[in-house]
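In what follows, a single structure is set out as structure tokens and then discussed.
The values are calculated or read from the model by the stated rules, or taken from the named source; none is laboratory data. These numbers were taken from a predicted model, which means no experiment stands behind them. Quick reminder, even Gly has a Cβ in these numbers, built from the backbone with ideal geometry, and neighbours come from all protein chains shown.
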Amino acid sequence: MLTQVAPRVVEERQTRPSAPVFALEGVQVLYAGVPAVAGVSFELYENEITAFIGPSGCGKSTLIRCLNRMNDLIASASVTGRVLYRGVDLYGDDVDPVQVRKRIGMVFQKPNPFPKSIYDNVAFGPRVLGAAKDSLDEIVERSLVKAALWDEVKDRLRSNAFGMSGGQQQRLCIARALAIEPDVILMDEPASALDPISTAAIEDLMLELVEDYSIVIVTHNMQQAARVSNRTAFFDVDLDGGRRVGRLVEYAPTETIFTNPSDQRTREYVTGKFG
Amino acid sequence: MATAAAILGVPRRRRGEQAIKGLLLLAALLSVLTTAGIVVALVEETVSFFGEVALTDFVTGTDWSPLFAEPSFGVLPLVTGTLLVSAIALAVATPIGLGAAVYLAEYASPRVRRAVKPVLELLAGVPTIVFGYFALLFFTPEVLEPLFGEPLQGFNALSAGVVMGFMIVPTIASVSEDAMSAVPAALREGAFGLGATKLQVATRVVFPAALSGVVASFVLGASRAIGETMIVLIAAGLQPNFTADPRKSVETMTTFVAATAKGDAAVGSVAYEAIFAVGTVLFVLTLLMNLLSIRFVRRYRQVYE
Amino acid sequence: MRAPRTDRFRAGIFHGLLLSCIVISAAMLVTLLLDITLDGAGSLSFDFLTNSSSFKPELAGIWPALMGTLWLMAIVTLFVVPVGVAAAVHLEEYADPTRWWNRVVEVNIQNLAAVPSIVYGILGLAFIVRGPLSLGPVVLAGALTLGLLVLPVVIIAAREAIRAVPPSIREASLALGATQWQTIYKQVLPAAIPGIATGVILALSRAIGETAPLIVIGAASFVAFAPSSPNDVFTAVPIQMFEWISRPQEEFHQLAAAGILVLMAVLLAMNSVAIWLRNRYERKW
């Protein structure tokens, strides 16, 4: 049985032809010379939520970390092909990864607030980017409001972030990312460590944020992808001459992927036959 | 094609960060500089020393009297002095340290461990001059003199050796205990499951499995004993007797260096250079022992981690 | 099914022997502390703390030695904290562990941690007191020598503290557009401060009791005044006590015991602070 896509969501979402924010051309990621993900070419669009789904090991996390040069942190990783962000190859010689991350923010699977106060967590990004001291209060409030966390914490901004629940911490991480006013927000399995209620809160948040930001999420939860995303990219592992390489199998509007996929493997994955 | 600058903004100048990276590297290189400094300091004067003293005289001579009008530089008394005191220390420290280690690793309840570990840590934190005081002014008069009577000199190797042994107990105990605790529980449980007693498990299963760590602790303890100065300086006197009799006073390599550096040897004299020659022997010896113990530690860590 | 009597007997003996090892060690420690307290408590007095050294035991005190030790510890701290933390940051955050020169640095630090303290004295004598720096037997020379001696302790402790900060914190910081140095300076180091402080206290505990290197570099035994600059000749508490122990008169031995009590009290205070720091700020990530 193919996953039901809630009718309300189908109505609201239109596949608007908007500008491509990312254009990947023949992107390949290698670890110590061994390809982990290969031959990926597709475009991601503005003000849309694009979901990367697929079985474990298919490279979806690896790929999303290319979009903000976080793969640089892994010494043995190398990227070939072109990752174009609004026309600029992020892996070009003249590109500074620090600049990239100011425009393309990231939220991680396990909430990772700094061991500081809620205020200092959200203010960290603006501070290191040189924001004026008297603008911080306003930035912090604005970001916490956008992350649907302000009401819950406005009276205890100076308390330690570790005192919050998992769901609140993740929303704090989102607020933190929003504070630097990025263009794109990448989310690597943002709700997989959270309980169902917090997950629902995060998903609602995503649907609000997409009006102002472009969002890419990696999720192993197909229903989540069906619930929130405009477009879905399905990845799978190819056994390429004995080696496991992740490849993009199908990329289409979410409704298509879940109700009428073209590729047999996509059909099998979304109907739960494997993965 | 859009330019990186237009889309991503111009990166802020961060030349300061490059300078910081350089400073950090320099700080790390200081360690290499220190070792180089030690080597250069030692080698330079040692070479001068052997310009005036024949190597064979040094290595095989049994008369060490560098400050006499007709000096003699046979280093053997210093070596035997060092070995005598160290051997006594290890004879004391090894059984006590190993016993404590086995007890802590295999027998002690968590509550007992919490009470005992501070004792060992305290022992490890006592400055060696305090041990020296204890050896000279308590151990010799109150313990050794009643036992040995007349033949015992006020300054003697035995007192320094025994007290030094207690100083080394924490070293042997902690490294051995670390090695024994690293032995997986599965090994013990297997033996218990076969009906072995605690004694048998401790001696036949855990101890052999932790052997390389135990050896490492011994070598480390020996290295500390050889390099120790104050206990011997205070309690063993400064007579370079070429002897194996622990009741006599001895001079070790370390106490010779300390006493001569403090004393009247003129800079540039052979006696002054002797400081560095003996220092070289000390440095090389302890270096080799430390490298050896690191090897052994690596071996037991590798097996279980 | 109880074990046969001989087995239980043997097990009991073995257990007893092991326990006795602990008991002997504890007894030795207690004896040592008792002996020194009995010998020295009588000489402890305000005058003892504030008087200078003297040939008459009734008039002798440890003030210059105490001040010398304080000066030494202050300069040692100023030296080892920046250098030790900097070296640790380099090794943990910037250095590529596969490069041979970084491995050389690591091996060096391990070796230096185990070199006998008197060899550091020789190094100090050759390079700091004489040789290239030629500072003479002054406080600065003593502090630098002791600093080099305990630097490996600080580096090793700082590295562990830095390593304990989880990578997720660094990732979060970098993902916000911070540079590597900003991440280290604003996130990693602040989180590592308790561990670093504990390491520094341990290093100072070691340095405060060291006698042999100071003897070799020429710390004075008869100094009437406390140092007033890093360029003054100096004495230190362990040196003063060594001097008193070396005298034949028993009154001076008692003074040495009193000095030891002061030294041990300081050490106890320092280690208590270290333990308190560790307990209060140890973070469960």
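Observations on the structure shown:
- Considering segment C:96-127, and only residues there that are among the small types (Gly, Ala, Ser) and either assigned to a helix (DSSP H, G or I) or more than 7 Å from every other protein chain (Cβ to nearest Cβ) (or both), the residue that is farthest from C:Thr183 (Cα to Cα) turns out to be C:Ala126.
- Test: residue in segment A:136-159 that is under 25 Å from A:Ser56 (Cβ atoms), surrounded by fewer than 24 Cβ atoms within 10 Å (Cβ to Cβ) and in contact (Cβ under 8 Å) with a residue 60 or more places away in the chain: no
Yes or no, residue by residue, for (1) surrounded by 24 or more Cβ atoms within 10 Å (Cβ to Cβ); (2) modelled with pLDDT of 95 or more; (3) of a type outside the set (Asp, Glu):
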position: C:Arg206; (1), (2), (3): no, no, yes
position: C:Gly218; (1), (2), (3): no, no, yes
position: C:Phe222; (1), (2), (3): no, no, yes
position: C:Ser228; (1), (2), (3): no, no, yes
position: C:Asp232; (1), (2), (3): no, no, no
position: C:Glu250; (1), (2), (3): no, no, no
position: C:Leu255; (1), (2), (3): yes, no, yes
position: C:Val262; (1), (2), (3): no, no, yes
position: C:Ala265; (1), (2), (3): no, no, yes
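- The set of residues in segment C:168-179 being part of a helix (DSSP H, G or I) and either facing chain A (nearest Cβ under 7 Å) or buried (at least 20 other Cβ atoms within 10 Å of the Cβ) (or both) consists of C:Ser168, C:Ile169, C:Glu171, C:Ala172, C:Ser173, C:Leu174, C:Ala175.
- Among (1) closer than 22 Å to A:Ala233 by Cβ; (2) out of contact with any Ser or Thr (no Cβ under 8 Å at 6 or more places or on another chain) - the single one A:Ala51 does not satisfy: (2)
- Contacts under 8 angstrom Cβ, first residue in segment B:277-290 being more than 7 Å from chain C (Cβ to nearest Cβ), partner of a type in the set (D, E, K, R), 6 or more apart: B:Ala277/B:Glu45
- Residues within segment A:105-145 that are in contact with a Cys (Cβ under 8 Å, 6 or more places away or on another chain) and more than 16 Å from A:Arg158 (Cα to Cα), tallied: 4
- The residues in segment B:184-226 that are more than 14 Å from chain C (Cβ to nearest Cβ), closer than 20 Å to C:His15 by Cα and outside any helix (DSSP H, G or I) can be counted, and the count is 1.
- Scan of segment B:38-61 for residues that are surrounded by fewer than 13 Cβ atoms within 10 Å (Cβ to Cβ) and part of a loop (DSSP other than H, G, I, E, B), ordered by number: B:Ala54
- Some residue of segment C:14-29 being within 10 Å of another protein chain (Cβ to nearest Cβ), assigned to a helix (DSSP H, G or I), more than 27 Å from the chain's Cα centre (by Cα) and among the hydroxyl-bearing types (Ser, Thr, Tyr): yes
- Which numbered condition B:Gly37 misses (of (1) closer than 25 Å to B:Met230 by Cβ; (2) small (Gly, Ala, Ser); (3) touching a residue at least 24 places away in the same chain (Cβ under 8 Å)): (3)
- Tally of residues being in contact (Cβ under 8 Å) with a residue 24 or more places away in the chain and farther than 23 Å from B:Ala225 by Cα across segment B:102-142: 4
- Search result, residues across segment C:182-192 that are more than 10 Å from chain A (Cβ to nearest Cβ) and free of Cβ contacts under 8 Å to residues at least 60 places away in the same chain: C:Ala192
Each row is one residue, and each column tells you yes or no for (1) more than 10 Å from chain C (Cβ to nearest Cβ); (2) modelled with pLDDT of 85 or more.
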{"site": "B:Ala4", "(1), (2)": "yes, no"}
{"site": "B:Arg13", "(1), (2)": "yes, no"}
{"site": "B:Glu44", "(1), (2)": "no, yes"}
{"site": "B:Leu76", "(1), (2)": "yes, yes"}
{"site": "B:Thr80", "(1), (2)": "yes, yes"}
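- Residues (out of contact with any Pro (no Cβ under 9 Å at 6 or more places or on another chain), assigned to a strand (DSSP E or B) and surrounded by fewer than 23 Cβ atoms within 10 Å (Cβ to Cβ)) located in segment A:231-244: A:Asp238, A:Leu239, A:Arg244
- Of all residues in segment B:84-127, those satisfying the criterion of being assigned to a helix (DSSP H, G or I), closer than 30 Å to B:Arg247 by Cβ and of a type outside the set (A, V, I, L, M, F, W, C) are B:Ser86, B:Thr94, B:Pro95, B:Gly97, B:Gly99.
- Test result for B:Val85, hydrophobic (A, V, I, L, M, F, W, C), within 30 Å of B:Pro118 (Cα to Cα) and crowded, with 21+ Cβ neighbours inside 10 Å: yes
- Residue in segment A:245-265 that is under 23 Å from A:Val145 (Cα atoms), outside any loop (DSSP other than H, G, I, E, B) and of a type in the set (A, V, I, L, M, F, W, C) present: no
- Residue in segment C:230-252 that is at positive phi and within 12 Å of another protein chain (Cβ to nearest Cβ) present: no
- Some residue of segment C:261-278 being within 25 Å of B:Leu120 (Cα to Cα), away from chain B (no Cβ under 11 Å) and among the charged types (D, E, K, R): yes
- Residue list for segment B:227-253, filter: assigned to a helix (DSSP H, G or I) and within 15 Å of B:Pro77 (Cβ to Cβ): B:Val232, B:Met253
- Qualifying residue in segment A:170-187 (condition: farther than 22 Å from C:Ser173 by Cα, out of contact with any helix residue (DSSP H, G or I) (no Cβ under 7 Å at 6 or more places or on another chain) and either aliphatic (A, V, I, L, M) or surrounded by 20 or more Cβ atoms within 10 Å (Cβ to Cβ) (or both)): no
- Among the residues of segment A:98-127, those that are within 7 Å of chain C (Cβ to nearest Cβ) and more than 18 Å from A:Asn68 (Cβ to Cβ) comprise A:Phe114, A:Pro115.
- Subset tally (residues that are within 21 Å of the chain's Cα centre (by Cα), facing chain B (nearest Cβ under 9 Å), surrounded by 17 or more Cβ atoms within 10 Å (Cβ to Cβ) and not charged (D, E, K, R)) for segment A:85-97: 3
- Residue, nearest to B:Thr280 (Cα to Cα), within segment C:123-134, restricted to residues that are out of contact with any Asp or Glu (no Cβ under 9 Å at 6 or more places or on another chain) and crowded, with 21+ Cβ neighbours inside 10 Å: C:Leu123
- Number of residues in segment A:59-112 that are of a type outside the set (Val, Ile, Thr) and either assigned to a strand (DSSP E or B) or under 26 Å from A:Leu239 (Cβ atoms) (or both) equals 17.
- Single match in B:Ala266, B:Ala236, B:Ala261, B:Ala274 (criterion: in contact with a Phe, Trp or Tyr (Cβ under 7 Å, 6 or more places away or on another chain) and without any contact (Cβ under 8 Å) to a residue 40 or more places away in the chain): B:Ala266
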